[in-house]
1. I'd like the full set of residues that are small (Gly, Ala, Ser), surrounded by fewer than 16 Cβ atoms within 10 Å (Cβ to Cβ) and under 26 Å from the mean Cα position of the chain (by Cα), limited to region B:72-93.
2. Does A:Arg52 meet the test of being out of contact with any strand residue (DSSP E or B) (no Cβ under 6 Å at 6 or more places or on another chain), at pLDDT 90 or above, assigned to a helix (DSSP H, G or I) and basic (Lys, Arg)?
3. So, in region A:146-158, how many residues would count as being under 15 Å from A:Ser62 (Cβ atoms) and facing chain B (nearest Cβ under 7 Å)?
4. Among (1) at pLDDT 90 or above; (2) crowded, with 20+ Cβ neighbours inside 10 Å; (3) facing chain B (nearest Cβ under 8 Å), there is one condition A:Ala113 misses while meeting the rest; what is its number?
5. Go through A:Pro88, A:Pro105, A:Pro97 for me and flag whichever is closer than 19 Å to A:Ala31 by Cβ and either loosely packed, with under 12 Cβ neighbours inside 10 Å or modelled with pLDDT under 90 (or both).
6. Could you grab me the full set of residues in region A:115-149 that are acidic (Asp, Glu), assigned to a helix (DSSP H, G or I) and within 17 Å of B:Ile17 (Cα to Cα)?
7. Being surrounded by 18 or more Cβ atoms within 10 Å (Cβ to Cβ) and over 18 Å from the mean Cα position of the chain (by Cα) is the filter here, so list the residues in region B:16-40 that pass it.
8. Name the single residue, out of those in region A:1-47 being within 15 Å of A:Leu148 (Cα to Cα) and not in a helix (DSSP H, G or I), that is modelled with the highest pLDDT.
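The values are calculated or read from the model by the stated rules, or taken from the named source; none is laboratory data. Since we're looking at a predicted model, the values are computed, not measured. Here the Cβ positions follow ideal geometry from the backbone for every residue, glycine too, while neighbour counts run over all protein chains shown.
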Amino acid sequence: MESKSSDENCNNPNSELHPSKLIMASHFLRALFRIQHTTTDSSFAGRSRKIRRAAYASMAYSVGTKRAWSSALLRKLRSRSRLRFPNPRRAKYAALPGRPRVARPQQREMDQAEALRELVPGGTSMDDCRLLEETADYIRCLSTQVRLMQAIMESVSF
Amino acid sequence: MSSRRPRSWQSSSASRITDEQINDLVSKLQAVLPEARIRRSDRVSAAKVLQETCNYIRSLHREVDDLSERLSELLASTESSSAQAAIIRSLLM
């Protein structure tokens, strides 16, 4: 079983200035400043949607194709960007994480592994082992992104 | 400790996945969850770890949504160059 260990770079990925974190931060910040200067879509909802998309994009770009979840996320982002005028009635493109496409009735019998497969990008085509590995990496990256956004919030609030 | 696998576990056709491998990966997953959700010292069932993992991922997705909205408000209300300077300064120091 191949192990994509984080010691590809000798550095500890938990260190503050790990290359992938810097890539994530610089990508996200560039997108953020670009969004701030956009005058065409100045609606609040439009801006926050763009920021949300930038968050997932910076996560995916910082990891690239090294992981199955990031490759799946990159595919979703690229397929969405090809639709300039998405028709809300025919949502054929894959939804970004966090936005359920359809309201599903809660199934208490729903298997946890199935639930996990739906939460992790690309999860539906993974076997058990791969799913668990990818999930751990996805969580690490997602929480890093959240911390980055919180740090930005704090720095502007003063 | 028996590890009753959730019903939808799929086996890879290429290799036989042992219970030990699964348990190893589950414990690595447990290590990534925050202490408030699941104590790392406890040996909990795989199902519990998966459940907490799903809950944690959902809460992270919600946080991304929430922070996106707050950042959107914040950027609209602050003058851009001073905001940019403040952000970069705080992230690099």
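1. B:Ser90
2. yes
3. 2
4. The number of the failed condition is (1).
5. Residue meeting the stated conditions: A:Pro97.
6. Answer for region A:115-149, where residues must be acidic (Asp, Glu), assigned to a helix (DSSP H, G or I) and within 17 Å of B:Ile17 (Cα to Cα): A:Asp128, A:Glu133, A:Glu134.
7. Matches in region B:16-40: B:Ile17 only.
8. A:His18
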